[in-house]
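Colleague: To start, I am sharing the structure in question, which I have written as structure tokens.
Here, each number is a calculation from the coordinates, and none is a lab measurement. Please read all numbers here as calculations on a predicted model, not as lab measurements. We place every Cβ from the backbone using ideal geometry, glycine too, and count neighbours over all the protein chains shown.
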Amino acid sequence: MDTFKVQIGRVTRDLPIVPVSPDVKVALFNMLGDTDVTEEAGRELAQKLPADIDVLVTPEVKALSLAHVISRESGKPYIVIRKTQKPYMVDPVAREVVSITTGKPQLLVLDGFDVQKIKGRKVAIVDDVVSSGGTLHSIRQIIEEVGGEVAAVVAVFTEGQERPEVTALGHLPLFK
Ligand SMILES: O=P(O)(O)OC[C@H]1O[C@H](OP(=O)(O)OP(=O)(O)O)[C@H](O)[C@@H]1O
């Protein structure tokens with residue numbers, strides 16, 4: 001299998017190049033279960049976080065452990081946007097999204113319990129990869145709908161097009 005080498009802090013990984021649609025392949029970055037990459041990326045991104053951020057917001061699931069490390073390193077709390085609506089949620093705020101790696105609609109859901117932690121606050125969105133930007137766009141809409149201000153976006157990698165609004169540790173090309 002073809003691979004693409006990346007460096008994250010002091011560690012390197014050979015990412016497998018896999019198809020996500022008939023025309024597009026990606027260098028698959030999945031940090032779930034990779035403690036060293038998660039720790040390195042989390043520490044580096046925490047250092048790049050603007051000081052005036054109040055709260056981190058991250059979508060489940062692949063960026064969840066990253067948000068935990070950034071939270072621990074920065075002292076900022078984090079909120080998880082879920083991908084299914086749960087019966088215990090109160091007045092959830094939801095958007096549909098199609099990400100490059102999933103390729104079919106997914107739900108992004110903010111539990112109403114978390115609205116007050118975002119309203120009037122400066123928010124940093126945390127994700128592992130920003131590719132098509134669909135996930136980022138929908139999370140931004142949810143945050144703004146509940147009165148938060150997106151003051152930063154941090155990700156381990158941008159992918160495909162350049163995204164100056166995203167603070168990232170590296171960039172991944174798309175493959176044919
Ligand atoms: O910029 P986009 O094209 O929206 O793609 C980026 C998003 O896609 C991936 O999540 P994925 O859909 O694979 O979900 P998962 O983390 O729950 O596996 C990734 O973790 C980002 O959240």
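Colleague: Mind jotting down the distance between the C-alpha centroids of segment 139-176 and segment 78-128, whole Å?
Modeller: A separation of 15 Å, based on Cα centres.
Colleague: Quick check: pseudo-label points 7 Å beyond the Cα along Cα→Cβ at THR102 and SER132, how many nm apart are they?
Modeller: Going from the THR102 label point to the SER132 one covers 1.1 nm.
Colleague: Mind checking the full-extension length gain between LYS176 and LYS83? Use 0.36 nm per residue of separation minus the Cα-Cα distance, one decimal, nm.
Modeller: On the way: separation 93, 0.36 × 93 = 33.48 nm, distance 2.89 nm.
Once the chain is fully extended between LYS176 and LYS83, it gains 30.6 nm.
Colleague: For helix 35-48, what angle does its Cα long axis make with the longest principal axis of the chain, in degrees from 0 to 90 and rounded to 10?
Modeller: 60 degrees
Colleague: Using the per-residue mean of other Cβ atoms lying within 10 Å as a proxy for protection, in what order, highest first, do the peptides 19-32, 151-164, 122-135, 59-72 fall?
Modeller: For the peptides 19-32, 151-164, 122-135, 59-72, the packing ranking is 122-135, 59-72, 151-164, 19-32.
Colleague: Taking the simple approach of a point 7 Å from Cα along Cα-to-Cβ for both ARG43 and VAL18, what is their distance in nm?
Modeller: Placing both labels 7 Å beyond Cα along the Cβ direction yields 2.8 nm.
Colleague: Next question, about the same structure. Compute the projected area of the convex hull of the Cα atoms of the chain, averaged over all viewing directions, and report it in nm² to one decimal place.
Modeller: Values: hull surface 39.6 nm².
The Cα convex hull of the chain, projected and averaged over all directions, gives 9.9 nm².
Colleague: Return, ordered by residue number, the residues of segment 4-21 whose backbone nitrogen is under 14 Å from a label point located 7 Å along Cα→Cβ of ASP36.
Modeller: From segment 4-21, the list is 6-15.
Colleague: Additional query: For the chain, please report how many Lys pairs fall under 13 Å Cα to Cα, leaving out neighbours fewer than 8 apart on the same chain.
Modeller: For the chain, qualifying lysine pairs total 5.
Colleague: Still on this structure, I have one more. Compute the angle between helix 134-145 and the longest alpha-carbon principal axis of the chain, please, reported from 0 to 90 degrees and rounded to the nearest 10.
Modeller: Roughly 10 degrees, rounded to the nearest 10.
Colleague: Still on this structure: Any idea what angle helix 64-74 forms with the longest principal axis of the chain, computed on alpha-carbon atoms, 0 to 90 degrees, nearest 10?
Modeller: With both axes taken from Cα atoms, the answer is about 70 degrees.
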